[in-house]
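The values are calculated or read from the model by the stated rules, or taken from the named source; none is laboratory data. Keep in mind the model is a prediction, meaning the values are calculated, not measured. Reconstructed Cβ throughout: ideal geometry from the backbone, glycine too, with neighbour counts over all protein chains shown.
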Amino acid sequence: MKNKQRVINLYDNWYRNNRENIINKNWNLIDESTLYNPEGDKLRGLNIIVYLPISLSEEIDKKILSRIPDKILSSGWIIPKEGRHFTLLDIIPHNSGWNIDKIKSKSDEYIEVLDKEIKYHKEIIKVGFEGVFASTDGITIQGYPLNSGLHRLRDSLRKALSSNRLANLEKKKYEIETAHVALLKFTKVLNGKKTN
């Protein structure tokens, strides 16, 4: 991928920007109670996600999770194999302030536009995974588009939403270019010094 260096730089910047927060224990923790009580989670959004095959998740468990110290694993919630994914498009970020009724009122329009655009897209999407980084949120696997399929689909979806006057608030967060996969979300502050 000709833009791989750009994506590498994005990941490096995410880590550098979070490094001081990690050192100073300024964590962005998730509320563990909402993991087991979804009614308690009031954040809502609209995303298109691509789930990883279970076989790939099992490989991640063997090659990555098995190498993460228990001290780190016990400080967070490990995303279950079945839930591991990368985001194709973060249309309405969960922290955008939209409530569930507002999202539901437009859901049929979103489905119609997105379904048509995704069915029209014929280019295969290839993604490779290489590297892991930590942030104040958790531990993330770095994913890289290996061809132009992912970029072109994202771009066509953005254009379709715009031409149909449907909100796409992803730019308030960031316009996604990566294919990263959250592996662990921190639920409590991790204490301790850097280990090799």
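Take segment 133-154 and flag every residue that is hydrophobic (A, V, I, L, M, F, W, C) and either surrounded by fewer than 18 Cβ atoms within 10 Å (Cβ to Cβ) or modelled with pLDDT of 90 or more (or both).
Those that are hydrophobic (A, V, I, L, M, F, W, C) and either surrounded by fewer than 18 Cβ atoms within 10 Å (Cβ to Cβ) or modelled with pLDDT of 90 or more (or both): Phe133, Ile139, Ile141, Leu146, Leu150, Leu153.
Scan segment 57-68 for residues that are closer than 14 Å to Val181 by Cα and either of a type in the set (Lys, Arg) or touching a strand residue (DSSP E or B) at 6+ places or on another chain (Cβ under 8 Å) (or both) and jot them down.
Residues satisfying the conditions are Ile60, Ile64, Leu65.
Leu43: in a loop (DSSP other than H, G, I, E, B), under 30 Å from Lys159 (Cα atoms), modelled with pLDDT under 80 and not acidic (Asp, Glu), yes or no?
yes
With the condition kept exactly as written, say whether any residue in segment 1-9 is under 25 Å from Ser96 (Cβ atoms), at pLDDT 70 or above and under 18 Å from the mean Cα position of the chain (by Cα).
Checking segment 1-9: at least one residue is under 25 Å from Ser96 (Cβ atoms), at pLDDT 70 or above and under 18 Å from the mean Cα position of the chain (by Cα).
Show me the helices (runs of 4 or more DSSP H) found entirely inside segment 75-194 where at least 3 residues are touching a residue at least 12 places away in the same chain (Cβ under 8 Å) and in contact with a helix residue (DSSP H, G or I) (Cβ under 9 Å, 6 or more places away or on another chain).
Those helices (runs of 4 or more DSSP H) span 100-120, 149-163.
Residue under question is Glu117, and the condition is that it be charged (D, E, K, R) and farther than 19 Å from Arg152 by Cα; does it hold?
No: the conditions fail for Glu117.
When only residues in segment 14-40 that are touching a helix residue (DSSP H, G or I) at 6+ places or on another chain (Cβ under 8 Å) and surrounded by 13 or more Cβ atoms within 10 Å (Cβ to Cβ) count, which is modelled with the highest pLDDT?
Trp27
Can you name the residue in segment 46-72 that is over 26 Å from Ile125 (Cα atoms) and surrounded by 14 or more Cβ atoms within 10 Å (Cβ to Cβ) and, of all such residues, is modelled with the lowest pLDDT?
Checking each candidate, the answer is Ile72.
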